[in-house]
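The values are calculated or read from the model by the stated rules, or taken from the named source; none is laboratory data. All figures in this text were calculated on a predicted structure; none of them were measured in a lab. Ideal geometry is used to build each Cβ from the backbone, glycine not excepted, and the neighbour counts take in all protein chains shown. We work out accessible area using only protein heavy atoms, side chains counted, and drop any ligands, DNA or RNA first. Shrake-Rupley method; radii C 1.70, N 1.55, O 1.52, S 1.80 Å.
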Amino acid sequence: MIKKKINNFEIGTLNYFVTRAFLVGMTFNALINVMKRDSWIIPLISIPFDILFIFIINKIIDYEPDLSLPQKITKLFGATIGKIILVLISIFIIIMGILNYLTLNNFIQSQFLTRTPLIAIAILFMITIFYILCKGITVIARTSNILFFINIFLFFISFSGLISSFDISNLKPMFQSNITDYLSGINSYYAFHIVPMFLLTMIPKNSVDKPRFKKTLIISTIISSITMGAVIFATLSTLGYELTALYEYPEFHVLKQATIVGASSRIESILVIQLIFDIFIYCTLIIYMFGNSIKQIFSFKKINYIYLFGCLLITIGTIYAAKYNIYVDNLMINIIPIISTIFTLSITLITYFKIIFSKKKKTSNQ
């Protein structure tokens, strides 16, 4: 029998995956492009920004704990304005879902299935995502829980297997970036690492057993940031900046240097699964949030049909976007971080202050 509530550990694993989801092809490339050899520093110095964002979204999570985010927005802003906000959120998350899913499919096709059409890869993964979505958030959380242990095990195997290849001289000269570079790097990191945490506001607080969202999100985000910093550090110190910048997926190619029990093995295809899990869970939660937002907008009862529609949107969008990979890559590195920052900060802060205002108004009327 499936339990009715999810636990804090499962919330933490969901957060771990979504905050790492853009590491492959996006966060890594954006940081390397701006920060060069200092890229590994950004995940560590951004931890205070992580915690600040968690405090803000925790206020949203605490508001009306029985409701999901779309229901909260409708109650806060009214039917008309609430629907407009939900439409904007739905468009934004579908675009981010397409970009993330495109990265997954491009990566798999270019590194493993070079003769397989992109459409076949996209449909195969989306069938799995749709199946899990139909089972509900409890099964999504339990799936995340299982994948987390596999992910952490593969991470430690990967990192320990690369230690013998580390060359700290590859990181020199250090701290050559200027303040503008740091701000740009932090902005990219915010857009691809911190923003996905907003997906967790979809889960009503009361659907979690003995909820401790703030503590859980802080711990899981710090772990996520440390692992991301470790991946970038390991890649740069093993391959060097020049070779790292040359590869399309340096975080994968560095795994070819991994050595286990003193012997080099062709195990990168297994170790890289940890990076695929991140994208898989993120895309699942994207469609989950999209489905529940559309359900709230149109009062549509059959949620599985909306999930199917979301899966089709992302699949078709991915296949179409793949025709313009060069332009999409430039968009993801230079434009999307700015748009993501402006949009999510606006929505998050407006919702946050609206909650504070409504609570004060309610208190004054009592």
* **Potential extension, I179-E248 segment - 0.36 nm per residue separation minus Cα distance** => 22.2 nm
* Asked: K359: which aspartates and glutamates have alpha carbons under 16 Å from its alpha carbon, excluding same-chain residues fewer than 8 sequence positions away?
  -> D62, E64
* Tell me, how many Å apart are the Cα centres for the range 55-93 and for the range 282-334? -> 19 Å
* Structure fact -> Rg/Rh over Cα atoms for the range 66-116, Kirkwood Rh, comes to 1.32
* Asked: Helix 336-365: angle to the longest alpha-carbon principal axis of the chain, degrees 0 to 90, nearest 10?
  -> 30 degrees
* **Whole-percent pair-distance distribution, where bins are 5 Å wide, for the alpha carbons of the range 267-366** => 2, 9, 10, 13, 18, 18, 12, 7, 5, 3, 2, 1, 0
* Structure fact -> The answer for trypsin sites (Lys or Arg not before Pro) in the range 8-115 that fall in a DSSP coil and have at most 15 neighbouring Cβ atoms within 10 Å is R115
* Unsatisfied cross-links (Cα-Cα over 19 Å) in the set K5/K75; K59/K215; K172/K256; K75/K360; K295/K361; K210/K362 -> K5/K75; K172/K256; K295/K361; K210/K362
* To do: Return the FRET efficiency for the residue pair F55, D209: r is the Cβ-Cβ distance, R0 is 22 Å, and the value is rounded to the nearest 0.05.
  => 0.45
* DSSP-loop trypsin sites (Lys or Arg not before Pro) across the range 308-364, with at most 15 other Cβ within 10 angstrom -> none
* Asked: Cβ under 13 Å from F213's Cβ, F213 left aside: what net charge do those residues give with Lys, Arg +1 and Asp, Glu -1?
  -> +3
* Can you give the FRET efficiency for N330 and I150, using 1/(1 + (r/R0)^6), R0 = 22 Å, r = Cβ-Cβ distance, to the nearest 0.05? -> 0.05
* For the chain, what is the accessible area per residue in Å² when the probe is 1.4 Å? -> 45 Å²
* the chain - percent of accessible surface contributed by carbon and sulfur, probe 1.4 Å -> 67 percent
* FRET efficiency, N304 to I273 (Cβ-Cβ, R0 25 Å, nearest 0.05) -> 0.35
* Could you tell me how many degrees, from 0 to 90 and to the nearest 10, lie between the Cα long axis of helix 8-20 and the main elongation axis, the longest principal axis, of the Cα atoms of the chain? => 60 degrees
* DSSP-loop trypsin sites (Lys or Arg not before Pro) across the range 120-224, with at most 16 other Cβ within 10 angstrom -> R212
* **Which of Y131, Y190, Y101 is most accessible, then next, and so on - probe 1.4 Å** => Y131, Y190, Y101
* Structure fact -> For the chain, longest principal axis from Cα atoms; helix 273-298 axis from its Cα atoms; angle between them, nearest 10 degrees, is 20 degrees
* Give me the log10 of I(q) over I(0) for the range 291-350 at q = 0.14, 0.17, 0.26 Å⁻¹, as the Debye formula computes it from C-alpha points; what are the numbers? -> -0.64, -0.85, -0.94
* **Distance between modelled label sites at I347 and A322, nm, 7 Å Cα→Cβ extension** => 2.7 nm
* Asked: When you take every Cα atom in the range 161-266, what is the radius of gyration, and what is Dmax, the widest Cα pair distance, in Å?
  -> 18.0, 51
